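Everything below concerns the one structure shown next.
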Amino acid sequence: MPSKPNQTSSRHVAVIGGGPAGLMAAETLARPGIAVSIYDAMPSVGRKFLLAGVGGMNITHSEPRPDFVKRYREASPWVEDWLSGLDADALRQWIHGLGVNTFIGSSGRVFPTDMKAAPLLRAWLRRLRDREAAIHTRHRWQGWNADGNLLFESPEGSKAVAADAVVLALGGGSWRRLGSDGAWVSLLRQRQVLVRDLLPANCGFNTPWSPYLRQRFSGQPLKQVIASLRTEEGLTIERRGECVLTQHGLEGSLIYALSAELRDQLVERDEASLTLDLAPDRHIDQLTAALEKPRRGQSLASVLRKGAGLDPLKIALLHECLDNTCIEQPASLAAGIKALPVRLTDTRPLDEAISTAGGVQQHALDSHLMLRSVPGVFCAGEMLDWEAPTGGYLLTACFASGRHAGEGVISWLDRPV
């Protein structure tokens, strides 16, 4: 027999997934007349949320609303619907309501005052328990049985759960060890739900470095550069910042900021081209003049260090990416410093990515995030087909979609039957 919720409420909603989207959906639903049960495959909820906060919990961003919305690229109009119910300002107020203060950093990013995720999560879980939301950990969703009940693998074995409505907030396909394994894709496709293949987002890229570069410079930061690329539409996108040279290629915030466009290039052409300005504060004429001066016994490395301000990693990259003829000519070498071409051959694996693109497509859902082919089942968070850069945009949309889905469930339960 299906297990029944402990509460005496007349309607039971199952929220599957204990990340930000699922917990926000649960909070929205936890009200008189609705019994909420949260199910998560891991031993505790919010594991990816906690790990994301290890380096400082970047919860949202303070930039103006129109610029904020544009961060979601093609999905901006869709995500804006969710943000109408919980935007960045409202999210900060919600956090303050949990007794956690926030501040805006110099980059415009918003953080809890103590820079930690754990106090926020603890306060949130207390609120959910106070509202009688039940939390079931080590419950891995397996789909539906022949009676339409939810199936879980639990510590007690296979379990069937009856629910009047369901919110799926199962995450994407990255960070498998924390529960986001993408196993839900096949389960939904079996129910004729349109799901776009999951792809890495905010990810690193592979490039065929020489053994010397890998051995000598792997793990070192590439500081204060401008990275740029040209889109299929002929637009130039550029970002300033830093990244890290790895054994496999390039990682870090600067690369993540361009990862969507770079991934699109890889899909179209099987390779992508990134251009690096290694001396963004020096004009090409200034560099050319410095390189044309007589060396007077100095090595080229010494000239590049003193005349162009390049560190050993940047100098090594010039030798890696430019041919000898280019390096021997001051004008062409200066041009290479200002626009160094780096060939990228692939993304790093999906499981290494910070987040994922792809997921349940918008036209598979109604305006309340309910699956058209499975009435009463709603989706939220990273399992939807949208993506965003790091900087608080990912978390904000996850929270907002959870709120939106929860409100959708309430409307659906209250519909005339």
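The values are calculated or read from the model by the stated rules, or taken from the named source; none is laboratory data. Computed from a predicted structure; not experimentally measured. For neighbour counting, all protein chains shown are included, and Cβ atoms are generated from backbone atoms with ideal geometry for every residue, glycine included.
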Residue in the range 86-104 that is in contact with a Lys or Arg (Cβ under 7 Å, 6 or more places away or on another chain), under 16 Å from residue 397 (Cα atoms) and surrounded by fewer than 21 Cβ atoms within 10 Å (Cβ to Cβ) present: yes
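Listed here are the residues, each with its yes/no results for (1) in a helix (DSSP H, G or I); (2) surrounded by fewer than 23 Cβ atoms within 10 Å (Cβ to Cβ).
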residue: 32; (1), (2): no, yes
residue: 38; (1), (2): no, no
residue: 55; (1), (2): no, yes
residue: 63; (1), (2): no, yes
residue: 75; (1), (2): yes, yes
Neighbours by Cβ (under 6 Å, 6+ apart or cross-chain): first from the range 78-98, in the same structural domain as residue 366 (by TED's automatic domain parsing); second modelled with pLDDT of 95 or more and outside any helix (DSSP H, G or I): 79/72; 79/386; 88/60; 91/60; 92/102; 95/102
Single match in 235, 194, 178 (criterion: under 26 Å from the mean Cα position of the chain (by Cα) and either in the same structural domain as residue 257 (by TED's automatic domain parsing) or free of Cβ contacts under 8 Å to residues at least 12 places away in the same chain (or both)): 235
Residue within the range 348-358 that is crowded, with 19+ Cβ neighbours inside 10 Å and free of Cβ contacts under 8 Å to residues at least 24 places away in the same chain present: no
Filter result for residue 236 (touching a Ser or Thr at 6+ places or on another chain (Cβ under 8 Å), surrounded by fewer than 17 Cβ atoms within 10 Å (Cβ to Cβ) and over 30 Å from residue 339 (Cβ atoms)): no
Tally, over the range 376-399, of residues that are in a strand (DSSP E or B) and in contact with a Lys or Arg (Cβ under 9 Å, 6 or more places away or on another chain): 1
In the range 40-53, residue modelled with the highest pLDDT [restricted to those that are part of a helix (DSSP H, G or I) and touching a Phe, Trp or Tyr at 6+ places or on another chain (Cβ under 8 Å)]: 48
Residue in the range 73-86 that is acidic (Asp, Glu) and touching a strand residue (DSSP E or B) at 6+ places or on another chain (Cβ under 9 Å) present: no
Search result, residues across the range 270-292 that are surrounded by fewer than 15 Cβ atoms within 10 Å (Cβ to Cβ) and either more than 24 Å from the chain's Cα centre (by Cα) or at positive phi (or both): 270, 280, 281, 283, 285, 286, 289, 292
